[in-house]
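Working notes for the structure below.
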Amino acid sequence: MNEVWEYFKNAPVPDAKKHLARRAGKELCRGHVSSMSELAALCEKGPEKLVSIRNIGEKSAAVILEVCAIYKEEN
């Protein structure tokens with residue numbers, strides 16, 4: 001299974017954002033982003049790189065950046 005999907009499926013975000021985090025994780029997988037290190041590198045390039053992935057908009061990009069920040073703190 002995809003590392004990004006697994007992390008986003010159980011993302012440590014507030015309950016109000018869990019659905020959006022899960023959806024963003026699915027769209028990242030569909031966009032061929034498979035590892036959290038790959039995603040972290042993509043996030044460092046800025047949100048405009050995230051919104052270039054199909055079905056990732058501003059709200060999803062904000063949640064992705066939040067989840068990536070949490071991931072970086074954990075690792």
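Some observations on this one:
- The residues in region 21-49 that are surrounded by fewer than 18 Cβ atoms within 10 Å (Cβ to Cβ) and either over 13 Å from TYR71 (Cα atoms) or touching a helix residue (DSSP H, G or I) at 6+ places or on another chain (Cβ under 9 Å) (or both) can be counted, and the count is 18.
- Residues in region 30-69 that are among the polar types (S, T, N, Q) and more than 20 Å from LYS18 (Cα to Cα): SER37, SER52.
All of the numbers you see were taken from the coordinates with simple rules; none came from a lab. Just so it is clear, the model here is predicted, and its values are computed rather than measured. Neighbour counts run over all protein chains shown; Cβ positions are idealised from the backbone, glycine included.
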